[in-house]
Amino acid sequence: MQENSFGFAHLLAGGDAVSHTVAVILALMSVASWYLILAKTWDWWQMRRAARAVGAFWSASSVGEGIERLREAGATSPYTQLASQASICNADCETAVGRLAARFDPAEQMERALRQQLSGTQATMENGLTLLATTGATAPFVGLFGTVWGIYHALVAIGLSGQAALEKVAGPVGEALIMTAAGLAVALPAVFAYNAFTRANRVLLADLDAFAHDLHAFFTVGKPFVANSAQIHPMRARAAAEAA
């Protein structure tokens, strides 16, 4: 059976150290990009599942019960972390003494805590995107380098043989074609995944920002009005005072 000069077997058997190195680099880039694609797809699915529990949080009878409902959907989800951070700050911000943060108004302390939590969440969500973008941008050029190297081998074979016979150039040309295809095969999924995850992160961050805004309004604006019934029902409070 005649060996296929354009196959991977010929690349491994007939290639030199440079072509082997290029093939290993492309293989590593492909493994790393697919690992990130699968891992971030799983993370995105968990975040969307946790986002559906926000309605259950607001329908709870207490903050503690609402946080427990968020934990049931995802104990480490950004929504659970935001609600927990807001609850902790609500209990500690007003009693913070001896720290620079205590000089802030309690509402500003709450805003600062939520903003820091959002910044950390954004940094976590963007992990790996740089590698995907780098893979999508550089993999075609790595494959192009392998292509140029294969064509160089083809020219060397022609020069040594003195004739452009097909059996002399088929192997190096096969290496060149394989490197070109491999570079594109590595780059295209990385580019598509980078664009998809960038848009998904933008949507999720907008949803988290809205949830953080609602938490800030609840803990800083909602409580005083709920606690002070005279502001909610001024006519009822006035009638009670007149009756007394």
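The values are calculated or read from the model by the stated rules, or taken from the named source; none is laboratory data. Being a predicted model, the structure only gives us computed values, none of them experimental. Counting neighbours? That spans all protein chains shown, and the Cβs are built from the backbone with ideal geometry, glycine included.
The table for this structure:
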quantity: Contacts under 9 angstrom Cβ, first residue in the range 72-88 being more than 14 Å from Phe57 (Cα to Cα), partner part of a helix (DSSP H, G or I) and at pLDDT below 85, 6 or more apart; calculated: Gln85/Ala113; Ile88/Ala113
quantity: Candidates Ala75, Ala60, Ala113 - the one that is at pLDDT below 90 and in a helix (DSSP H, G or I); calculated: Ala113
quantity: Unique residue being more than 16 Å from the chain's Cα centre (by Cα), assigned to a helix (DSSP H, G or I) and modelled with pLDDT under 85 when the list is Ala27, Ala86, Ala102; calculated: Ala102
